[in-house]
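The structure appears right after this line, and notes come after that.
The values are calculated or read from the model by the stated rules, or taken from the named source; none is laboratory data. Small disclaimer: the values here were computed from a predicted structure and weren't measured. FYI the Cβ positions are ideal-geometry reconstructions off the backbone, even for glycines, and counts take in every protein chain you see.
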Amino acid sequence: MVQKRWFQFIVAAILISLLIMLLHEIQFFFEPIVTYIGAIAVPLIGGGILFYLSRPVLHALEGYKVPRILGILIIFILYILLGFIIVQFIAPIAQQQFTRLANNLPSMIDMLGETITYWQQNQELIPSQFNGTIENVIQNLQSYLQDASMIIINVLSQLIGFVFALVLIPFFLFFMLKDGDKLVPFIKQFLNKKAARSFEKLAGSIDHTLQSFILGQLTVSVVVGLLLLVGYLIIGLPYSLTLSLFAMLMNVIPFVGPFLAAIPAILVAFFQDPILVIWVALISIIAQQIEGNFVSPNVMGKALSIHPLTIITLILAAGGLAGFIGLLFAIPAYAVIKTTVSHFYNQWLESKQQT
């Protein structure tokens, strides 16, 4: 019976449940570790993303016999130039559009209330149980706006600590670029030959997975943002740059990002001219079709190969547990875990075949 798969599955489930219970009971032991990880999470993650963006450039410079330190300095200069271009030319336009959008938000909300009231008064087919709900929404629009303002204030207060953490990103990036290739050889020296080969293969697989996701997702987001910007400018949608930048940020979130990106654009189009809603929806569909059929397959390929239902489940769970940060990093974290489990499972199969 011990050799039966169902019995092994039951034993594994029991052991996992006991492990979860044990971890829950001793969670106080992990609180300092979690606090420490939270303190370095932003510079570590930010540095890691920039590391994968910078490493191909560094390797290309080294191919031309440029010393590594000099190559890192060149990369930092390129980042400084990019930041200067953004601050000098893009940020002022985005700030002006965002300010106008924020100033027009109260009038847009009032117009929405008037539209709902008019629709309610001229629709006899609305079930009576919905009338109370609609009236409640209209009466509490102002309170909803105030609640949204408080949320924004809380987010801005949290951004202060985030900005301080951003200062450390260049230091993390410098040492990642300088000594990143030394990590695997350093760990291998403490392992025997078989374990060292296994660890090197696992590290290479994880590195490939993270690189595919980070470079691919950022490339996809930039391409979609540019496509939407061009489309919004063609149809004359107000706040085109701000809305396309928001879409670029939202597209970093796999699967649900495009839907979140379309919401503010559709709302702005509705208040400007209801016909624009059709054009915005059409532009969003075209951009996503181009991304899904041409950009993603060529940039990301099938490196992650995660089922869409798994993506939705992960995003829902991670969003509920860790908020926006969870939405961003649920998929790469799952991909790394999947890569690790697949590596050890394949090793187990190989060892089983050899015996």
- Residue set I72, I80; condition of a type outside the set (G, A, S), at pLDDT 90 or above and under 30 Å from T242 (Cα atoms); output residue I80
- Task: Collect the residues in segment 247-261 that are buried (at least 21 other Cβ atoms within 10 Å of the Cβ) and hydrophobic (A, V, I, L, M, F, W, C), keeping them in residue-number order.
- Result: A247, M248, M250, I253, A261
- Query: Looking at segment 229-243, is at least one residue within 11 Å of S284 (Cβ to Cβ) and surrounded by fewer than 21 Cβ atoms within 10 Å (Cβ to Cβ)?
  - Reply: yes
- Note on the structure: Checking V277, V268 in turn, the sole residue that is touching a residue at least 60 places away in the same chain (Cβ under 8 Å) and over 20 Å from F89 (Cα atoms) turns out to be V268
- Item | Enumeration of residues in segment 239-286 that are in a loop (DSSP other than H, G, I, E, B), touching a Leu at 6+ places or on another chain (Cβ under 7 Å) and not hydroxyl-bearing (S, T, Y) | V252, I253
- Can we say F270 is closer than 27 Å to Q211 by Cα, in the same structural domain as S212 (by TED's automatic domain parsing) and surrounded by fewer than 20 Cβ atoms within 10 Å (Cβ to Cβ)? no
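Going by the conditions given, is G236 small (G, A, S), in the same structural domain as W279 (by TED's automatic domain parsing) and at pLDDT 65 or above?
Yes: the conditions hold for G236.
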- Task: Please state which one of G320, G301, G326 is part of a helix (DSSP H, G or I), loosely packed, with under 13 Cβ neighbours inside 10 Å, of a type outside the set (F, W, Y) and at pLDDT below 70.
- Result: G320
- Provide a single number: the residues in segment 339-355 that are of a type in the set (S, T, N, Q) and over 36 Å from the mean Cα position of the chain (by Cα). 4
- Query: Of the conditions (1) under 26 Å from the mean Cα position of the chain (by Cα); (2) of a type in the set (S, T, N, Q); (3) under 17 Å from N346 (Cα atoms), S221 fails just one. Which one is it?
  - Reply: (3)
- Which of the residues spanning segment 237-284 are over 21 Å from L309 (Cα atoms) and of a type in the set (S, T, N, Q)? S240, T242, S244, Q272, S284
- Query: Which numbered condition trips up A247, out of (1) within 15 Å of the chain's Cα centre (by Cα); (2) at pLDDT below 85?
  - Reply: (2)
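Matching residues to (1) buried (at least 17 other Cβ atoms within 10 Å of the Cβ); (2) in the same structural domain as G216 (by TED's automatic domain parsing); (3) modelled with pLDDT under 85; (4) farther than 20 Å from I263 by Cβ:
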| residue | (1), (2), (3), (4) |
| --- | --- |
| I285 | no, yes, no, no |
| Q288 | yes, yes, yes, no |
| N293 | no, yes, yes, yes |
| I311 | yes, yes, yes, no |
| I337 | no, yes, no, yes |
| T340 | no, yes, no, yes |
| Y345 | no, yes, yes, yes |
